[in-house]
1. Determine ³J(HN,Hα), in whole Hz, for all residues of the stretch A:210-223 in sequence, where each value follows from phi through the Karplus function 6.51 cos²θ - 1.76 cosθ + 1.60 and θ = phi - 60°; x replaces Gly and Pro.
2. Which links in A:Lys302/A:Lys334; A:Lys141/A:Lys398; A:Lys141/A:Lys243; A:Lys248/A:Lys342; A:Lys75/A:Lys194 stretch past 20 Å when you go from one Cα to the other?
3. By a straight-distance test (C-alpha under 27 Å), which lysines pair with B:Lys65 as possible cross-link partners, with residues fewer than eight away in the same chain excluded?
4. With charges set only on the Cβ (+1 for Lys and Arg, -1 for Asp and Glu), what does the dipole of the stretch A:222-328 come to about its Cα centre, in debye to the nearest 20?
5. On a straight-distance basis, which aspartates and glutamates could pair with A:Lys145 in a cross-link, Cα separation under 15 angstrom, same-chain partners fewer than 8 positions away excluded?
6. Non-local amide H neighbours of A:Leu68 (under 5 Å, H modeled in plane, Pro and chain starts lacking H): which ones?
Amino acid sequence: MRIGWGLLRGSRLFQLLESEIEIVLLSDFVYVPLLMDLSIAEEIDAHSNDSEIRMGDGSDALGEIIRLKGACYIKAVHLKSVVSGLRAIHPEYDARIRQDLPGRGGGDPVVFSPPGTRLMIILTEIMPHFIHRKDRMDRPKLTGKDILELIERRIEVPPACRKDADEILGEGELHKLREGVKGRMAECLPLPEKPFPARLLKEWVTHSIQMQVLDEEQARIEDFRGSWANYPWMSDRHRAVLKYLSDKGSLELDGFGFFRSGAGDDFIVYRRTGEYALQDFFGRVYRFPDCRVAVTTFGPFKPYVLESYKHPFLESKGPGQSICLQQQGLHSRKFSAEAIIKALEEGINALFHGYDRRRRNGYHSLDPMTVHERSVRFEDLRIPRDHPDIQAGRLEIKNLFR
Amino acid sequence: MELTERIRRERLGKRAIKPFTPSLFTRIAGIVKRYGLDPGFLNMLDAAAGPNSFNHSLLSGSSSKAAYSPPLFALVMETEYRIIIGIMDRVANPYLHFTNSPDEILLCNALFALNPSIEPERLRYHHFAALLERLMSPNRTENPPQ
């Protein structure tokens, strides 16, 4: 007697919601028509009395089956499960509903993305570690406030971003949207307490998913408003920079940068190596081009190179290769400024100082000894030891002492 | 020795895999779903209840048996269930097991009334209309229609 569950599995749920099949709603449960064969019919006849079961009492002889106007319906799924299940089974449908939210010009999230906590951590804790003052060495380290002011000086923040806190968070607009969706849901409900075509339920489910999206957005805004308490120095000027960065989703400053990955508060944080040189066993020098060593904020917190790049500590030549580290697998599993800083520094240190010319460690050696090492060659990077850039100090040989 | 041989053969026979045959309900359910039959079909069946009361235009149709393999099992909506049960009640004869289409269901009672002992092989491979025509023709022979 579990036929109803089978009907609502997988994509069948979607088919049901687009069909003219008559369903019943009772105590927030969807009852679908009971599919029959001879044995089911015998079982029904053996158990049920002929009287119709009243709507609303929720109890009957067979527990999960109700009989209405001569037709049998079986309890299938809770309304909440329909909403959550549809979001899980059909993420593309969920995305379409988000896109179709009224008053929305595309993009994600619904109203306005308040700068997420990860962006705040990048700006106020990670950037100060990598960006230094150039004017005076004895001045104290930059703070989050200094970074935001530095960014404000370097980039042009559009006037549209210069709003007060409420406008930035977009709570007013979100409230209006929520009221609108609530109204439309109320028009759908109460759903008729009699068999009705399943496609009518789809409209209600659509509004429910929209409401869930808006609820999530509201919770996110409230979280973020709470997190502002950690930054008592923040003024409208700083918020304008934050809003600009949150909208734009990327920044590069003095060799450090980040860009958004996906639609949420996840970023890829990187640090440029700049040009550097390594020497091989025979003292020959190899000039390595600039590359970006990156870490994602959603883990695993392992450094990798963004560009196509070759290096003794990279397995091949393609983009996105993880850098070979001495302590592989000991990376933090939880996002924190320390985890990102540690991973970036480990990656850059490995590229700069990890290669030992005597031990020829890594996946490849600069001067390959065996045929197996010759899949990645470095001869094209070789430059004379008295190259003008080395003489002038513009190019540093990083493994001089190894 | 004979007893042990007999027991061995009996046991072997029990172990042999018997081919699965869908039930009559499943066969009719397949036809109802395939042709989208509605309750009006039961009225047509009522009208064709007697041996000579079927619609003779059915005989002039194609005499080739429609290809049909019934589903392995059938779960149907309640309206379809009523139609299937209605058909099974109205056509309560063994020829129903050999029907492949609604036309044959309509001719089933008439065919059974005229000759209740047609071999299963003929029922399986010849359209009921062709069998009925052969039975009703004045110069009737025992040879099956080609």
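1. Once θ is set to phi - 60°, the couplings for the stretch A:210-223 become 4, 5, 4, 4, 5, 4, 4, 5, 4, 4, 5, 5, 5, 4 Hz.
2. The answer is A:Lys141/A:Lys398; A:Lys141/A:Lys243; A:Lys248/A:Lys342.
3. Filter leaves B:Lys18, B:Lys33.
4. Computed about the Cα centre, the dipole is about 200 debye.
5. Within reach: A:Glu125, A:Asp236.
6. Residues meeting the criterion, in which the H sits 1.01 Å from N, are A:Tyr73.
Values in this text are rule-based calculations from the coordinates and carry no lab data. In this text, all values refer to a predicted model and were calculated from it rather than measured experimentally. Please note: Cβ atoms are built from the backbone with ideal geometry, for glycine as well, and neighbour counts cover all protein chains shown.
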